[in-house]
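The values are calculated or read from the model by the stated rules, or taken from the named source; none is laboratory data. Note that the structure is predicted; figures quoted are calculated from it, not measured. All Cβ positions, glycine included, derive from the backbone under ideal geometry; neighbour counts span all protein chains shown. Ligands, DNA and RNA are excluded from the accessible area calculation, which covers all protein heavy atoms including side chains. Shrake-Rupley method; radii C 1.70, N 1.55, O 1.52, S 1.80 Å.
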Amino acid sequence: MQPRNELHRLLVRAGLTVVGDVPPGNVFPPEAGWRIARGIAAPDGGAPALDAVWWHRLSDVDGEFLVAVLGHRTGGNEAWWTRVRYAGSGVPELTGGPGFVALSLDGQVLLAEVPGAGGPRVTALDRLPERLEEAATAAGCETEAERAEVWAAVPGPEACPLHWAEGIGSNPAATDELLIRLLDVEDGFLHGCDRPAVLDAAVAHPDPRVRSRAADTFRPKLTSHQWVRLVRAEPSPDRRVLWAERACVWGAELPEDLYDDLLAGPSRARAAELPSLPAQHLPGLAADADPRVRAAACARWEDLAAPLRERLLADTDRAVRTAALLAHHIGVPMPREVFAALPDPRRALERCRLAPELEAELVRDGYAEVRRALAANPGLGAHGVAVLAEDPRDDIRSAVALRPDLTEEQRAAVRHDFDPASMSPILPWVEGLHGDADAMRRLAASSHPLVRRSAARARHLPPDVVARLARDEDQVVRLFLAESCEDAPADMLLEVWRWWDGSFSHPDRPRSHPNFPRRGLLRYITDPDGRMRRLALDDPEATPVDVARLARDAEAEVRRRAAADPRLSPADAVLLLNDPEARVRDAAVRSPRLPARVLAGLLHDRDTACAAVTNPAIPAPVLHRILTAAAAAVAALL
């Protein structure tokens, strides 16, 4: 991509005056112009050369038009038009260069010259919108025999195999067999893969990068059995423990013999820290020659026999003794002399019970860091909690307000500071009560929004709790209920839809919620809010006529929804390839309603190949041939 000023200099050398750059928006997009110039989903139109008559028809009364030059793009991922003025009487010196596409300001005339296998390809079209409609209608009349002929020729000579390798794993029509083959070529698709057979193949793959990809995702879909296979297949001792740690985080159950193997390896010290380590291993860890292992055993203090605890408290290694002391004083108050001897008191402030006189002194300590650490300490006494609840600092009082040992009356009395727009991680102690109906009734009425937000994250709630949270004044409480709770009511889900489109962790909610209303949505097809018009096509009573109507809607997101609808006509799918909005064009490229000839052209165009290969209308045998070509191209780079 060349800098914008270089493009402007090129245009000036061609005899044009630059008026300004035109950002993407409501104008016919340069991307569609390039595609048409290459002959994909294009009306018939061409000329041996672009003479002065065509340039005169292109320009308005002031000689202005829009132009884009091959290899010169501005505006990030979007190609912008550049508005120019031509005062000459002949032909601008754009021909014979890298290639260009030009559009009249009224969108009626398109001129282009792009490189081709047999020399420059010239396009000259007038009445552009009308001719695109005609071409789309003609393309939509494709016969079964014509489709078969098209697919028999794919991939063609102008292949884009590297782009295919990048995108083919996202094709919903790809079979397990194809995806397993793809593992040898490109494994990025594993981030969103939930197919058991493919994941089985990934965790057993000879390439460690493929095995890692299966587990190193935002939300791994691996079963406990697959996690075990992944750990066992890993030759690196450190990474074996890493995958075991990751497996435990995601709730996998590991067999005892696997723990035996991990503890017998060179990464024993790290394996000793695994939270699900069977208790039978603890005596051996507590007596291990490696002080790191002995220190790790202290994390399971309650599972250790009294003689082992005493041995660790008297250990010759200071780090082990410190770990033992911190574990011991979670339940037994820590005296002043022990606290004073700690190399770093922070962990004691955060987790240990303290002797009453020591606690009384520390909650009034002049350092805010000390009081802040104490505010969340689960072992803090009632007197200390009461003192910190009146602390002059907002952040300390706010930490006290989230303590699980407060009654809701006490919580309401704490003057806390809470930013409604801040991140809202679920409170672990509230999550631990999700199955307790009485606790949920109490917490759903809490004065603290974060407590109510955490309660709303429960998968199931009693009907009265759902009803209360669905009416909560805090918008985020209602959002979390829509995302997480299977009992969320239909009317609230519809209300949340009016202002929420889905998050990274819950991309399809609330619209994909099982209680989201479906029938009766067609009444929103004339709603002034485009978000509600998008819902109309979810109604089972919606027809292809309704889809066609919304494919021409004024709002891009409504058109995008229509582009993804299986009732979209082939002609409209082709027309939406010319949409001013990139998101709509992208949805159209993926539409299974595209005619085969158009889709094959998109597959062979470098700008659209990656998206086009995800189209589920591509027949399975063709996908296998595409993958073969992609594999050969990737191998050639190695």
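The residue list Ala573, Ala542 contains one member that is assigned to a loop (DSSP other than H, G, I, E, B) and open to solvent by less than 40 Å² (accessible area, probe 1.4 Å), which is Ala542. Just to check your reading of the model, which residue among Val53, Val84 is without any contact (Cβ under 8 Å) to a residue 40 or more places away in the chain and among the aliphatic types (A, V, I, L, M)? Just a single option satisfies the conditions, and that option is Val53.
The set of residues in region 463-485 being basic (Lys, Arg) and within 21 Å of Ser505 (Cβ to Cβ) consists of Arg478 alone. Listed conditions (1) assigned to a loop (DSSP other than H, G, I, E, B); (2) among the hydrophobic types (A, V, I, L, M, F, W, C); (3) closer than 28 Å to Arg397 by Cβ are all met by Trp500, apart from (3). Among the numbered conditions (1) in contact (Cβ under 8 Å) with a residue 60 or more places away in the chain; (2) surrounded by 20 or more Cβ atoms within 10 Å (Cβ to Cβ), the only one that Ser591 does not meet is (1). Among the residues of region 266-301, the ones that are loosely packed, with under 15 Cβ neighbours inside 10 Å and not in a helix (DSSP H, G or I) come to 7 in all.
For every residue, the table says whether it meets (1) under 23 Å from Asp527 (Cβ atoms); (2) among the aliphatic types (A, V, I, L, M).
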{"site": "Glu555", "(1), (2)": "yes, no"}
{"site": "Arg560", "(1), (2)": "yes, no"}
{"site": "Leu568", "(1), (2)": "yes, yes"}
{"site": "Asp572", "(1), (2)": "yes, no"}
{"site": "Leu576", "(1), (2)": "yes, yes"}
{"site": "Ala582", "(1), (2)": "no, yes"}
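Cβ-Cβ contacts under 7 Å between residues 6 or more apart (or on different chains), taken from a first residue in region 181-202 that is within 18 Å of Leu230 (Cβ to Cβ) to a second residue that is among the hydroxyl-bearing types (Ser, Thr, Tyr) and crowded, with 20+ Cβ neighbours inside 10 Å, are absent.
Among the residues of region 364-380, those that are open to solvent by 30 Å² or more (accessible area, probe 1.4 Å) and assigned to a loop (DSSP other than H, G, I, E, B) comprise Arg364, Asp365, Gly366, Tyr367, Ala376, Pro378. Of the numbered criteria (1) of a type in the set (D, E, K, R); (2) open to solvent by 30 Å² or more (accessible area, probe 1.4 Å); (3) outside any helix (DSSP H, G or I), the one Asp605 fails is (2). The set of residues in region 126-171 being in contact with a helix residue (DSSP H, G or I) (Cβ under 8 Å, 6 or more places away or on another chain), aliphatic (A, V, I, L, M) and open to solvent by less than 70 Å² (accessible area, probe 1.4 Å) consists of Leu132, Ala135, Ala136, Ala139, Val150, Ala153, Val154, Ala159, Ala165, Ile168.
Within region 608-626, the residues that satisfy the criterion of being out of contact with any Pro (no Cβ under 9 Å at 6 or more places or on another chain), under 15 Å from Trp151 (Cβ atoms) and assigned to a helix (DSSP H, G or I) are Ala612, Ala620, Pro621, Leu623, His624. Of all residues in region 115-124, those satisfying the criterion of being buried (at least 18 other Cβ atoms within 10 Å of the Cβ) and more than 17 Å from Gly601 (Cβ to Cβ) are Val122, Ala124. Which residues, counting only those in region 505-526, are over 18 Å from the mean Cα position of the chain (by Cα) and of a type in the set (Gly, Ala, Ser)? Of everything in region 505-526, just one residue is over 18 Å from the mean Cα position of the chain (by Cα) and of a type in the set (Gly, Ala, Ser), namely Gly520. A search for C-beta distances below 9 Å between a residue of region 329-346 that is farther than 17 Å from Cys298 by Cβ and among the aromatic types (Phe, Trp, Tyr) and any residue that is open to solvent by 40 Å² or more (accessible area, probe 1.4 Å) and in a loop (DSSP other than H, G, I, E, B), counting only pairs 6+ apart in sequence or on different chains, returns Phe339/Pro345.
Select from region 28-61 the residues that are at pLDDT below 90 and either under 20 Å from His604 (Cα atoms) or part of a loop (DSSP other than H, G, I, E, B) (or both) and list them in ascending order. Across region 28-61, the qualifying residues are Asp44, Gly45, Gly46, Ala47, Pro48, Ala49, Leu50, Asp51, Asp60, Val61. Among the conditions (1) closer than 28 Å to Leu568 by Cβ; (2) more than 36 Å from the chain's Cα centre (by Cα), Val122 misses just one, which is (1).
Among the residues of region 32-70, those that are charged (D, E, K, R) and open to solvent by less than 40 Å² (accessible area, probe 1.4 Å) comprise Arg35, Glu64. Of everything in region 312-330 that is outside any helix (DSSP H, G or I) and either over 17 Å from Ala287 (Cα atoms) or at pLDDT below 95 (or both), the residue that is most open to solvent (accessible area, probe 1.4 Å) is Ile330. Taken together, Ala563, Ala635, Ala596 contain a single residue that is surrounded by fewer than 21 Cβ atoms within 10 Å (Cβ to Cβ) and hydrophobic (A, V, I, L, M, F, W, C), which is Ala635. With the structure loaded, tell me whether Arg625 is buried (at least 18 other Cβ atoms within 10 Å of the Cβ), of a type in the set (D, E, K, R), closer than 16 Å to Ala173 by Cα and modelled with pLDDT of 95 or more or whether it fails that test. Spelling it out, it is not the case that Arg625 is buried (at least 18 other Cβ atoms within 10 Å of the Cβ), of a type in the set (D, E, K, R), closer than 16 Å to Ala173 by Cα and modelled with pLDDT of 95 or more. Applying the condition of being surrounded by fewer than 18 Cβ atoms within 10 Å (Cβ to Cβ) and in a helix (DSSP H, G or I) to region 529-539 and asking which residue is nearest to the chain's Cα centre (by Cα) yields Arg531. Taking the stated definitions as given, is Val241 buried (at least 20 other Cβ atoms within 10 Å of the Cβ), at pLDDT 95 or above and out of contact with any Lys or Arg (no Cβ under 7 Å at 6 or more places or on another chain)? It is false that Val241 is buried (at least 20 other Cβ atoms within 10 Å of the Cβ), at pLDDT 95 or above and out of contact with any Lys or Arg (no Cβ under 7 Å at 6 or more places or on another chain). Here Ala633 meets the list (1) within 22 Å of Asp501 (Cβ to Cβ); (2) not in a loop (DSSP other than H, G, I, E, B) almost entirely, failing just condition (1). Each residue in region 368-425 was checked for being among the acidic types (Asp, Glu), within 38 Å of the chain's Cα centre (by Cα) and more than 25 Å from Phe339 (Cβ to Cβ), and 4 of them qualify. Scanning region 331-363 for residues that are open to solvent by 50 Å² or more (accessible area, probe 1.4 Å) and touching an Asp or Glu at 6+ places or on another chain (Cβ under 9 Å), which turns out farthest from Gly379 (Cα to Cα)? Among them, the one singled out is Arg336.
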